[in-house]
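These notes are about the structure you will find just below.
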Amino acid sequence: MILTDSAILKSIENGELVVKNCREDYLQNTSWDVRLGKNLFVVEVIDLDESYFSEGVINPKNKDTVNYQPKVIDLNGGVIYPNRLYLGVTTEYFEFNKSLAGTVDGVSSLGRLGVSVHQTAGYCDEGFKGHVTLEITTVYPFILYPNMIIGQMVFHRTEGQVTNPYNKKKINYCNECSDNPFPIPSNYHLKF
C-alpha cells in the first residue's frame, strides 16, 4: 500500500517515519520530492593491468577496481556526461521504522530530459536510516544544481514482522544525518 500525504504526515507524528531536511511544500499527494546534495562521486574504473583484463574492468569481488572521485557541485552547477556513472545523495534524511519502507525514483520532467537517478537500487528497506544514495546517469550532457529536485520518495506500508532486520545485514548502507551528506559507495565485495 502506498501512503498518501495525510498518511505520510501521520506516520511522522507516530514515529513510524522520521524525516529531516525535508521541505513540507515538496510533499505531493503520494510522494515527497527529494533534492540533490552538493557532493557527488564520479565512478571510475581502475586499470589494475591484470593479465585477464585487457583494460579497466570492474571486478565485484575487488573493491580496488573502482575509484570514487569526489566532485562538489557549486551554485553555478556541475556538468555530468553520458556513459559515466555518478553517485549523488539526497539532502533529505529518512528513517523507516516499524511497518514502513520506501522507494526513490526520478521525476518525470528530468526523465524526459534523459536523466535517470537510479539504476537498480531505488528501495529503502524497513529499518533503513540515512540520506539516499542516487545512481545518476544521463543520455546527454546535463547540468546538475545543488538542492534541485532530483527525485521522489514513495512510502509503502509493510505487512508482517521483519525477521531479518536491516541493521543486521552484512552490507548496510545507512548513514548519519548531516547537513553535508556524501553518497555511499558500493560494498558489493562484502558478499563474497
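Taken together, the values in this text are just the output of simple stated rules run on the coordinates, not laboratory data. This is a predicted model, so every value here is computed, not measured. Note that we place each Cβ from the backbone using ideal geometry, even for glycine, and neighbour counts take in every protein chain shown.
Once the Cα-Cα distance is subtracted from the 0.36 nm per residue extended length, the Phe192 to Tyr140 segment shows a gain of 15.2 nm.
With 20 Å as the limit, the listed pairs Lys38/Lys63; Lys20/Lys191; Lys38/Lys71; Lys20/Lys63 have Lys38/Lys63; Lys20/Lys191; Lys20/Lys63 beyond it between alpha carbons. Listed peptides 180-186, 129-135, 62-68, 75-81 appear in the order 129-135, 180-186, 62-68, 75-81 once ranked by packing, highest mean of other Cβ atoms within 10 Å at the front. Our estimate of slack between Ile12 and Ser108, defined as 0.36 nm per intervening residue step minus the Cα-Cα distance, is 31.9 nm.
From the coordinates of this entry, Kirkwood radius over Cα pairs in Å is computed, and it appears in [x] 17.1; [y] 17.7; [z] 16.7 under the label [y]. Charge tally for Leu144 (other residues, Cβ to Cβ under 12 Å; Lys, Arg +1; Asp, Glu -1): +2. About its Cα centre, the dipole of the chain is roughly 240 debye, where the only charges are +1 on Lys and Arg Cβ and -1 on Asp and Glu Cβ. What you get for the stretch 78-147, charging only the Cβ of Lys and Arg (+1) and of Asp and Glu (-1), is a dipole of about 200 debye around the Cα centre. A full extension of the chain between Leu85 and Cys174 corresponds to an added length of 29.9 nm, given 0.36 nm per residue minus the alpha carbon distance. The local environment of Lys20, defined by Cβ-Cβ distances under 9 Å, has a net charge of -2 under the rule Lys, Arg +1 and Asp, Glu -1.
For the pair Gln69 and Leu27, a Förster radius of 22 Å applied to the C-beta separation gives a FRET efficiency near 0.05, rounded to the nearest 0.05.
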